[in-house]
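Presented below is the structure to which this report refers.
Throughout, read-outs are computed from the coordinates displayed, never taken from laboratory work. The structure displayed is predicted, hence computed values, not measured ones. Backbone-built Cβ (ideal geometry, glycine too); neighbour counts: all protein chains shown.
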Amino acid sequence: MSKPNILLILSDDLGYSDIGCYGGEAQTPNLDKLAENGLRFTQFYTSARCCPSRASLLTGLHPHQAGVGHMTFEDYGLDGYHGDLNFQCVTIAEVLRSSGYSTYMSGKWHVTRFEKPEEPKHNWPCQRGFDHFYGIITGASSYFNPCTLTRGNEPVKIPDREYYITDAISDEMCRFLTDHDEKQPDHPFFAYLSYTAPHWPLHALSEDIERYVGHFDMGWDSLREKRYERMVKTGIIDEHWKLSHDSTVPEWDKEKHKLWQTRRMEVYAAQIDRMDQGIGRVVQTLQETHNLDNTVIFFLSDNGACAEELDERFKRFVGKFATVKTHDGREVCFRKDPSIMPGSEDTYQSYGLPWANVSNTPFREYKHWVHEGGIATPLIVYWPDGIKARGGLRRQIGQLPDIMATCLDIARAKYPTEFNGHPIHPLEGHSLKPLFENKANDKEILYFEHEGNRAIRKEKWKLVCKYPGPWELYDMKQDGTEMSNLVGRHPSVVKKLSKLYDEWAIRSNVLPWDEVKKKRLAHAGV
């Protein structure tokens, strides 16, 4: 049997329940079809933030081990916090290319602090294992006029006013796969399709927005309850788990700007819809090139939904990595303003905490934090030649480093102990392949840290901390939405898990967040 092709699809800031087959209202027929004919995982986890998650996904390590323990804005002068992939890690593309795979990437990179064409490119995609690349190097940008748009190692000018990056990312991947079939039909491929959708800004095409007008008029309270009911009915979550409640979310009936608020969610859903349309074209390309049956397709998000609100202060920050003018020179409005409807190129908004709370149904918290709302992701795996089950659910736990381990397992590729003369950290992931047949693998413990938010999951227990608060303890079998804190009732469990966490932190370059902040200021000369 020939080695299977691999297509890894990553969405950006997508909530756990946003796509149709996980309970959401967005129309995602292509993803739903992959789930219907593949598997859905119910307890798969990320690293709470875009670039740490991408570093972990690509390398099979925890983000600090790969050098991206926080963000890519700057180098903190600490081993785990350089904001740049180090050379003690290898990417999936580097290993698979060494094993005879052709490698392609279309989309968002975001694992290096060197983003400008004149800066070092040692950690750009084509220097980290990809034969061909099209996309953005930075973490976020306009959908209509993106910055750092690159092909290979060279900057790309936006071709015309009709440009929309979600479509471009999809179409470029279709072109890569078609060219591969024509020029290298005997080679397997690894393709990384990394969307910016539905990360802010709220930018969508009018025809997609129109399809969602009125869909969210009942407001976030009722919509969240209905999602919860659908998720229980389809078995995504346990019926005994309570629906969490965020006391900071105002009642919908008291919301003064309902038209603007529903528009925000309409645009957000339209962004997801357009991504799904593109995924459909990529899958169709695989079908037309007779590669679909022997291609393993993964779909997941990089973290939970984002509750960040953008305002005028954000313009000074976003100006470092995003265009502040439209194609025709108009100023982009960077502010939360109910008088300005989002969606068009001259706006730059997010959808806010109440809608992020809907996206993360039924969980607590959001991107940044390591309660379930920040780290839980949908995971769909589709592989006609390798997965017999159709429409099955898998409830075993898993985490981003497991994707690397799974790719190498199905590709029959060996993870190296050194690469290009550099010693490589041991692989942290465990292959998910046994789970395809609903067997156990040897995954026992999950670890998380971001901005001082910490967690460890072992068997049914999860010890978690929202910085700068104390440890909390949850029985995830009975209480998957983290509603009943048992920390005072099981001191021996807390002691055991906190000790395991501390040992992991030491070996993984994870430092206390207060220490990181102090050293960051000292390194910056403040």
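Quick notes
- Evaluation of GLN277 against (1) among the polar types (S, T, N, Q); (2) under 14 Å from SER359 (Cα atoms); (3) surrounded by 15 or more Cβ atoms within 10 Å (Cβ to Cβ) (one fails), failing number: (2)
- Odd one out for PHE44, checked against (1) without any contact (Cβ under 8 Å) to a residue 40 or more places away in the chain; (2) part of a strand (DSSP E or B); (3) not β-branched (Val, Ile, Thr): (1)
- Candidates are the residues of segment 76-101 that are hydroxyl-bearing (Ser, Thr, Tyr) and assigned to a loop (DSSP other than H, G, I, E, B); the one that is surrounded by the fewest Cβ atoms within 10 Å (Cβ to Cβ) is SER99.
- A single member of GLY374, GLY391 is touching a residue at least 40 places away in the same chain (Cβ under 8 Å) and more than 24 Å from GLU444 (Cα to Cα), and it is GLY391.
- Check on GLN349, under 23 Å from THR148 (Cα atoms) and either touching a residue at least 40 places away in the same chain (Cβ under 8 Å) or of a type in the set (Gly, Ala, Ser) (or both): yes
- Qualifying positions in segment 473-497 - in a helix (DSSP H, G or I) and in contact (Cβ under 8 Å) with a residue 40 or more places away in the chain: LEU497
- Residues located in segment 223-237, provided they are buried (at least 17 other Cβ atoms within 10 Å of the Cβ) and either in contact with a helix residue (DSSP H, G or I) (Cβ under 8 Å, 6 or more places away or on another chain) or more than 15 Å from LEU393 (Cβ to Cβ) (or both): LEU223, ARG224, ARG227, TYR228, MET231, ILE236, ILE237
- Every residue from segment 47-72 that is in contact (Cβ under 8 Å) with a residue 24 or more places away in the chain and at positive phi: ALA48, GLY60
- Selection within segment 194-246 - touching a residue at least 60 places away in the same chain (Cβ under 8 Å), of a type in the set (Gly, Ala, Ser) and on the phi < 0 side of the Ramachandran plot: SER194, ALA197, ALA204, SER206, SER244
- Total residues in segment 190-228, condition within 25 Å of the chain's Cα centre (by Cα) and outside any loop (DSSP other than H, G, I, E, B): 15
- Scanning segment 438-467 for residues that are under 30 Å from GLU94 (Cβ atoms), surrounded by 12 or more Cβ atoms within 10 Å (Cβ to Cβ) and either over 24 Å from the mean Cα position of the chain (by Cα) or hydroxyl-bearing (Ser, Thr, Tyr) (or both) yields a single hit, TYR447.
- Of the residues making up segment 154-189, those that are out of contact with any strand residue (DSSP E or B) (no Cβ under 6 Å at 6 or more places or on another chain), farther than 18 Å from ASN294 by Cβ, assigned to a loop (DSSP other than H, G, I, E, B) and without any contact (Cβ under 8 Å) to a residue 24 or more places away in the chain are LYS157, PRO159, ASP160, GLU162, TYR163.
Residue-by-condition table, conditions (1) surrounded by fewer than 19 Cβ atoms within 10 Å (Cβ to Cβ); (2) of a type outside the set (Phe, Trp, Tyr); (3) within 19 Å of PRO52 (Cα to Cα):
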site	(1), (2), (3)
GLU119	yes, yes, no
ARG128	no, yes, yes
CYS147	no, yes, no
ARG151	yes, yes, no
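- Unique residue being under 22 Å from MET105 (Cα atoms) and surrounded by 15 or more Cβ atoms within 10 Å (Cβ to Cβ) when the list is HIS215, HIS203, HIS132: HIS132
- Number of residues in segment 1-22 that are within 14 Å of ILE236 (Cα to Cα) and either among the acidic types (Asp, Glu) or surrounded by fewer than 24 Cβ atoms within 10 Å (Cβ to Cβ) (or both) equals 3.
- Test: residue in segment 326-347 that is under 24 Å from TYR195 (Cβ atoms), of a type in the set (Phe, Trp, Tyr) and buried (at least 24 other Cβ atoms within 10 Å of the Cβ): no
- Test: residue in segment 273-290 that is under 30 Å from PHE189 (Cβ atoms), not in a helix (DSSP H, G or I) and not hydrophobic (A, V, I, L, M, F, W, C): yes
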